[in-house]
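Peer 1: This is the structure I have questions about; it appears just below.
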Amino acid sequence: MGRMVGDVGKFWPYLVAGVCLVMGLHLLDILKFDLPLVTAWKPQKAGPLGALLLGLLFGVVSTPCATPILAVLLVYIASKGNLAYGGLLLFLYALGHCFLILIAGTSMGLAKRIIESKGLNVGLAYLRKGSGVLIILIGFYFIWLVN
């Protein structure tokens, strides 16, 4: 898509900035909107197929948290128009997104201690707000690039 419409001048930086601002404000709970979720589906299989189905379910459940960052990344990739670079960025995003899940899955004791931690919700709230501010700053950076 970036190659198809990449020659539209200064359109892309403004689109990236707009997506950054909207998603940043969403993470700061200033703009509130819900994404449709399928929550009634539960995998019933064991083994590799069950693991795949459980991963698919987790992907659906984690959508509200992952979508703001992923939307910014996808618009940025489209603005570059480079397939290999975009693929690399999405691969690195996937690695980062799944890293903590992999660690928790291989260390159930650690995962249990993290879940039972009293400060976890407070830390996640600060992380969400900090991410929102960071994404808004990235949006302003893209506007600054154009001017």
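The values are calculated or read from the model by the stated rules, or taken from the named source; none is laboratory data. This structure is a prediction, so every number in the text was calculated from the model and none was measured. Cβ sites come from the backbone with ideal geometry, for glycine too, and all protein chains shown count toward neighbours.
Peer 1: Taking the range 32-76 as the search range and keeping residues that are among the aromatic types (F, W, Y) and at pLDDT 75 or above, which one is farthest from L88 (Cα to Cα)?
Peer 2: F33
Peer 1: If I115 satisfies every condition in (1) modelled with pLDDT under 70; (2) outside any helix (DSSP H, G or I); (3) aliphatic (A, V, I, L, M) but one, which is the exception?
Peer 2: All conditions are met except number (2).
Peer 1: Something else: Would you tally the residues in the range 1-31 being at pLDDT below 70 and either in contact with a Leu (Cβ under 7 Å, 6 or more places away or on another chain) or charged (D, E, K, R) (or both)?
Peer 2: 3
Peer 1: Something else now. Does S79 count as at pLDDT below 70, farther than 18 Å from S131 by Cβ and among the polar types (S, T, N, Q)?
Peer 2: No; evaluated as a whole, the condition is false for this residue.
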